[in-house]
Amino acid sequence: MTTDPLVVFTPSGKRGHFPVGTPILTAARQLGVDLDSVCGGRGICSKCQITPSYGEFPKHGVTVSEDALSEWNAVEQRYNDKRGLKPGRRLGCQASVQGDVVIDVPPESQVHRQVVRKAAAARAITMDPATRLYFVVAEEPDMHSPTGDLERLERALREQWNIEAVTADLSLLSKLQPVLRKGKWEVTVAVHKGHKDSVARIVEIWPGLHESGLFGLAIDLGSTTIAAHLTDLETGEVKASSGLMNPQIRFGEDLMSRVSYAMMNPGGDQEMTKAVREAINDLTSSIAEEAGIDATLIVETVFVCNPVMHHLLLGLDPVELGQAPFALATSESMSLPAHEMNLTTMNPRAQVYILPCIAGHVGADCAAVALSEEPGKSEDLVLIVDVGTNAEILLGNTNRVLACSSPTGPAFEGAQISSGQRAAPGAIERIEIDPVTKEPRFRVIGSEKWSNEDGFDQDIATTGITGICGSGIIEAVAEMRIAGLLDESGLIGSAEQTGTARCVPEGRTHAYLIHDASAEGGPRITVTQGDIRAIQLAKSALYAGARLLMDEMEVDRVDRVVLAGAFGAHISTKHAMVLGMIPDAPLNKVSSAGNAAGTGARIALCNIGSRAEIERVVREITKVETAIEPKFQEHFVAANAIPHKTDPFPELAQVVSLPSPSFNTGSGGEEKQGRRRRRRG
């Protein structure tokens, strides 16, 4: 057994043991980690920046000490003096392994940058924002009427716009008089008044008529990704959508890992809060630049997030959310100044609204989905599934709405998959396997052509084929089941059992070979038995959560299913059914809602009446806690089978015929292993 230190890379989850003194860049290259470098490791290009994490990491089974990497050296100091490194960053070509270490590869250090899969959906929204622009003509000072400039501006707002009372921060007062005089007493003011406010607040002022617009951010803060929509507060138009990976992933890929990190590392919650706020600041700057606007025109932000993200965003310790009764510090909506959260790249007087949480494990993101999809107004019984690292599930109609969350983990995002990667150019996102020849064809992000079509190689010349993202691995597993490469228990058959040499031995199990460019120095992309298991665990948690709500509603079938989130927009309903990710339903009754949580955030940003509405709706939703429901485990075990051990899925049988439930032609270790797997469920 090796005694070499363990190096774990996030967000990819790839790991390996390396001798002391191995440069991090070398370790990354040997593991196939997506870490950029163009200068040959000389410390010139800075493309290989990494962030080491220290402390206890139960998820990875390591304790990282402060001396896990070599000391800061002269090359790093030289680069830092000339161009600057963010605090905590190291150069991967200079820092070497000295002990067990967890290394985060930030988005800007990745060769293949992430593609935002949570684009804004078209949606008609009645515009009634909390922050509006008003053009006013104020009275000039008069010695016979000794009132202040703010009071004269307040009187102008009252007389010209029926705004009864306003207040202003000291920072606004400091610029009030110069702006009034520059505009010759004609000014435009941005006034914010929340749905619970009795007094309006002036957040910005410009001389004359301001015509450069007013903007807000709708941010879906997920466990793995952060998606933002820059929205015009006058028209509701989305000017730009952007996103990045949540940097907290280096502290733990799932929510409970992050709670554990906070429990075991004093000050760990503050580290995670700082990391996510810095990421939001960076995202704000980049999305403003993309849209070609001044970031100070962003005067309002609405956040939706799960409870752990909610607490870490606000700087609240999430430890209580890691143990029963899963108590929130507050479940109410929150309105506060952005500067209190150290959000500094937007307007200094910007305001923040955070939707209410539903329960300890059912957050504001689920509330946003409820606001967007309105299950409580549905005449038929609708199941809404927002798939992510932590799935949010709603079931309801006009009579009753239930909600729960289910810990699916990061496999659907391409993490913890052997050839997995984020959704980026070059990643396989669609796949089909011929059930007769067992040969695959696929599409990658960045090309509309299939791999067996003319022009495919030219299309991908700049990106190559780099790995497989979440949508790709989901389709791959479903296609393997349809093609008979995978049995009901999730066991990959041997070449003899499946009739294809693409099923190759891998230790005591087998893997299915999708693409092999190793002869040219490229990747060898396979679906391994471990990948299958990761998808089984994720889909079983999702299905079990949905079944739990159906049990509570005392139904065996739902009328329709709505798939929300990046998954819903990029996975076919057939593949979702083949996997058994969702309960059986007519395929024509399964639809996609896109990024419903992001849409809910935009609705709350653009219409203050919707804020009062969702605060009312949340109080009426029945919460079901999967962590303490005994039947959750029962449903989970049955759902390990593909598509399911006990649910017959009659609707699916009408559109696809699945092969024999298990391999029974072999007589060796594969068959014995298959029996062991089936006994375990």
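Looking only at segment 231-275, residues that are within 16 Å of the chain's Cα centre (by Cα) and β-branched (Val, Ile, Thr) come to 1 in all. For segment 359-377, a residue qualifies if it is over 19 Å from Thr599 (Cα atoms) and crowded, with 24+ Cβ neighbours inside 10 Å, and exactly one does: His361. Within segment 580-600, the set of residues being under 22 Å from the mean Cα position of the chain (by Cα) and among the aliphatic types (A, V, I, L, M) comprises Met581, Ile582, Ala593, Ala596, Ala597. Residues that are among the acidic types (Asp, Glu) and out of contact with any helix residue (DSSP H, G or I) (no Cβ under 9 Å at 6 or more places or on another chain) within segment 283-293 comprise just one, Glu290.
Restricting attention to segment 163-200, the residues that are open to solvent by 80 Å² or more (accessible area, probe 1.4 Å) and in contact (Cβ under 8 Å) with a residue 60 or more places away in the chain add up to 2. Tell me, yes or no, whether segment 449-459 has at least one residue that is open to solvent by 10 Å² or more (accessible area, probe 1.4 Å), of a type in the set (Gly, Ala, Ser) and at pLDDT 90 or above. Yes, that holds for at least one residue. Filtered by the rule that a residue be in a helix (DSSP H, G or I), touching a Ser or Thr at 6+ places or on another chain (Cβ under 9 Å) and surrounded by fewer than 19 Cβ atoms within 10 Å (Cβ to Cβ), segment 315-338 gives a lone residue, Gly322. Could you list, in sequence order, all residues of segment 361-383 that are of a type in the set (Val, Ile, Thr) and modelled with pLDDT under 95? Those that are of a type in the set (Val, Ile, Thr) and modelled with pLDDT under 95: Val362, Val369.
Residues are listed down the side, and each one gets a yes or a no for (1) more than 29 Å from the chain's Cα centre (by Cα); (2) of a type outside the set (A, V, I, L, M); (3) more than 25 Å from Arg430 (Cβ to Cβ); (4) in a helix (DSSP H, G or I):
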{"position": "His515", "(1), (2), (3), (4)": "no, yes, no, no"}
{"position": "Ala541", "(1), (2), (3), (4)": "no, no, no, yes"}
{"position": "Leu549", "(1), (2), (3), (4)": "no, no, yes, yes"}
{"position": "Glu552", "(1), (2), (3), (4)": "no, yes, yes, yes"}
{"position": "Val555", "(1), (2), (3), (4)": "yes, no, yes, no"}
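Selection within segment 15-51: residues that are open to solvent by 40 Å² or more (accessible area, probe 1.4 Å), at pLDDT below 85 and among the charged types (D, E, K, R). The member of this set that is nearest to the chain's Cα centre (by Cα) is Asp34. For segment 405-462, the candidate set comprises residues that are aromatic (Phe, Trp, Tyr) and outside any loop (DSSP other than H, G, I, E, B); within that set, the residue that is nearest to Val624 (Cα to Cα) is Phe412. Which members of segment 107-131 meet the condition of being buried (at least 19 other Cβ atoms within 10 Å of the Cβ) and at pLDDT 85 or above? Within segment 107-131, Pro129, Ala130, Thr131 meet the criteria.
The residues on offer are Thr646, Thr626, and the sole one that is among the β-branched types (Val, Ile, Thr) and without any contact (Cβ under 8 Å) to a residue 40 or more places away in the chain is Thr646. Restricting segment 479-514 to residues that are basic (Lys, Arg) and more than 16 Å from Ser662 (Cα to Cα) leaves a set whose member that is surrounded by the fewest Cβ atoms within 10 Å (Cβ to Cβ) is Arg508. Remark: Glu237 falls outside the filter, which requires a residue to be at pLDDT 90 or above, more than 18 Å from Asn281 (Cβ to Cβ) and surrounded by 23 or more Cβ atoms within 10 Å (Cβ to Cβ). Take the residues of segment 52-90 that are over 25 Å from Gln270 (Cβ atoms), in contact with a Ser or Thr (Cβ under 7 Å, 6 or more places away or on another chain) and open to solvent by less than 70 Å² (accessible area, probe 1.4 Å): which is modelled with the lowest pLDDT? The residue in question is Tyr79. Select from segment 515-546 the residues that are under 24 Å from Thr389 (Cβ atoms), surrounded by fewer than 23 Cβ atoms within 10 Å (Cβ to Cβ) and of a type in the set (D, E, K, R) and list them in ascending order. Listed by number, the list holds a single entry, Arg533. Restricting to segment 287-309, and then to whatever is more than 27 Å from Arg611 (Cβ to Cβ) and assigned to a helix (DSSP H, G or I), can you tell me which residue is farthest from the chain's Cα centre (by Cα)? Out of the qualifying residues, it is Glu289. In segment 610-622, the residues that are more than 15 Å from Gly600 (Cβ to Cβ) reach residues that are open to solvent by less than 10 Å² (accessible area, probe 1.4 Å) and in a strand (DSSP E or B) with C-beta atoms within less than 7 angstrom, at least six apart or across chains, in these pairs: Thr622/Leu402. Filtered by the rule that a residue be buried (at least 21 other Cβ atoms within 10 Å of the Cβ) and not in a helix (DSSP H, G or I), segment 595-620 gives a lone residue, Asn595. Answer yes if at least one residue in segment 2-12 is modelled with pLDDT of 90 or more and open to solvent by 40 Å² or more (accessible area, probe 1.4 Å), and no otherwise. Within segment 2-12, one or more residues are modelled with pLDDT of 90 or more and open to solvent by 40 Å² or more (accessible area, probe 1.4 Å). If you go through segment 249-267 one residue at a time, do you hit one that is part of a helix (DSSP H, G or I), open to solvent by less than 10 Å² (accessible area, probe 1.4 Å), closer than 20 Å to Met341 by Cβ and among the charged types (D, E, K, R)? Among the residues of segment 249-267, at least one is part of a helix (DSSP H, G or I), open to solvent by less than 10 Å² (accessible area, probe 1.4 Å), closer than 20 Å to Met341 by Cβ and among the charged types (D, E, K, R), which makes the answer yes.
Rundown of residues vs (1) crowded, with 20+ Cβ neighbours inside 10 Å; (2) in a strand (DSSP E or B), yes/no style:
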position	(1), (2)
Leu343	yes, no
Cys357	yes, no
Glu379	no, no
Thr389	yes, no
Glu392	yes, yes
Ala403	yes, yes
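Leu563 satisfies every condition listed in (1) within 25 Å of Leu217 (Cβ to Cβ); (2) under 21 Å from the mean Cα position of the chain (by Cα) except (1). For segment 585-607, a residue qualifies if it is in contact with a Leu (Cβ under 6 Å, 6 or more places away or on another chain) and either within 21 Å of Cys469 (Cβ to Cβ) or of a type in the set (Asp, Glu) (or both), and exactly one does: Ser592.
The values are calculated or read from the model by the stated rules, or taken from the named source; none is laboratory data. The model shown is predicted, which means the values in this text are computed figures rather than measured ones. When we count neighbours, we look across all protein chains shown, and the Cβ atoms used for this are built from the backbone with ideal geometry, even at glycine. Remember, those area values only see protein heavy atoms, side chains included, never the ligands or the DNA or RNA. Shrake-Rupley method; radii C 1.70, N 1.55, O 1.52, S 1.80 Å.
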